[in-house]
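Read the structure below first, then the notes.
The values are calculated or read from the model by the stated rules, or taken from the named source; none is laboratory data. If you're wondering where the values come from, they're calculated on a predicted model, not measured in any experiment. Counting neighbours? That spans all protein chains shown, and the Cβs are built from the backbone with ideal geometry, glycine included.
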Amino acid sequence: MTRLRDRAFLVTGAASGIGLATARHLAQAGATRLVLADADAVALARIDLGCTLDLLPGDVRDETFWDEAAAALAGIDGAVVNAGVAGAGAIANLAFDEWRRILSVNLDGAFLTLRAVMRAMTGRGGAIVTVASAAGVKAEPGVAAYGASKAGLIQLTKVAAKEGAAAGIRVNAIAPAGVETPVWDAVPMFADRAAAIGRDAAFAELAAMATPLGRYAKAEEIAAQIAFLLSDDAATITGSVLLSDGGYTL
């Protein structure tokens with residue numbers, strides 16, 4: 001495990017999935033303080049990781065939220081910009097409200113998070129990882145809003161890396177494809193298949209169709225890769241996009 005002892009980190013979207021797995025990994029790697037942000041205040045309050053926790057329930061799209069979070073962000077060494085929402089729909093049938101819902105969280109929220117974090121790191125440096133998606137690299141039908149938001153996030157990450165370099169701030173993106181997280185349970189196709197053959201078998205079936213490696217990632221695997229990008233082991237890496245997709249984009 002990449003060691004990140006005696007450091008403080010922000011994780012957004014921290015109440016479940018990749019965010020929660022990353023928070024756990026950072027705590028196990030020796031982080032002394034974690035600032036955890038999520039819209040789900042109830043789930044956030046249940047988290048206990050054995051280190052100092054600053055909990056920030058709220059909406060990452062809200063500029064005021066980040067203004068009020070400034071004190072909690074003081075002294076952070078790294079950040080994981082993970083908060084996001086999914087959605088699907090062909091362009092011709094996609095409601096503008098749905099387009100805006102996805103873009104506002106995945107891109108507006110990411111911008112506000114990055115801005116707040118880079119302000120907090122000015123003068124001391126740090127490392128940031130944004131959680132993008134293979135959908136931001138490879139076009140597929142039905143994911144216009146989600147794919148556009150993640151493509152935008154990838155470019156935002158690269159600009160942030162170039163702007164932050166002089167201040168010692170590294171910024172990288174990780175772009176997973178399929179990951180075994182609870183978000184799949186809300187997808188009717190997956191839920192029906194999981195009910196018929198079991199959750200693990202349903203994941204295996206999907207992955208066999210979608211990835212050359214024939215498997216999806218575990219949230220814990222993505223968390224370990226994020227930790228590497230945050231660590232001094234990645235000290236010369238900035239502006240990069242780590243595709244963690246099992247070969248999906250080949």
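A few points about this structure:
- Within the set 181, 211, 157, the sole residue that is at pLDDT below 90, of a type in the set (Ser, Thr, Tyr) and in contact with a Gly (Cβ under 9 Å, 6 or more places away or on another chain) turns out to be 181.
- Of the residues 79, 116, 95, the single one that is at pLDDT 95 or above, assigned by TED's automatic domain parsing to the domain that holds residue 151 and more than 18 Å from the chain's Cα centre (by Cα) is 95.
- Listed conditions (1) at pLDDT 95 or above; (2) among the aliphatic types (A, V, I, L, M); (3) surrounded by fewer than 18 Cβ atoms within 10 Å (Cβ to Cβ) are all met by residue 186, apart from (1).
- The condition of being modelled with pLDDT of 95 or more, of a type outside the set (D, E, K, R) and under 25 Å from residue 149 (Cα atoms) holds for only one of 20, 49, 34, 53, that being 20.
- Restricting attention to the range 107-142, the residues that are outside any strand (DSSP E or B) and either within 19 Å of residue 249 (Cβ to Cβ) or of a type in the set (Val, Ile, Thr) (or both) total 14.
- Meeting the requirement of 1 or more residues that are over 16 Å from the mean Cα position of the chain (by Cα), outside the structural domain of residue 76 (by TED's automatic domain parsing) and closer than 22 Å to residue 15 by Cα, the helices (runs of 4 or more DSSP H) wholly within the range 174-250 are 188-197, 199-210.
- If only residues of the range 119-152 that are among the hydroxyl-bearing types (Ser, Thr, Tyr) and crowded, with 24+ Cβ neighbours inside 10 Å are counted, the one that is nearest to the chain's Cα centre (by Cα) is 130.
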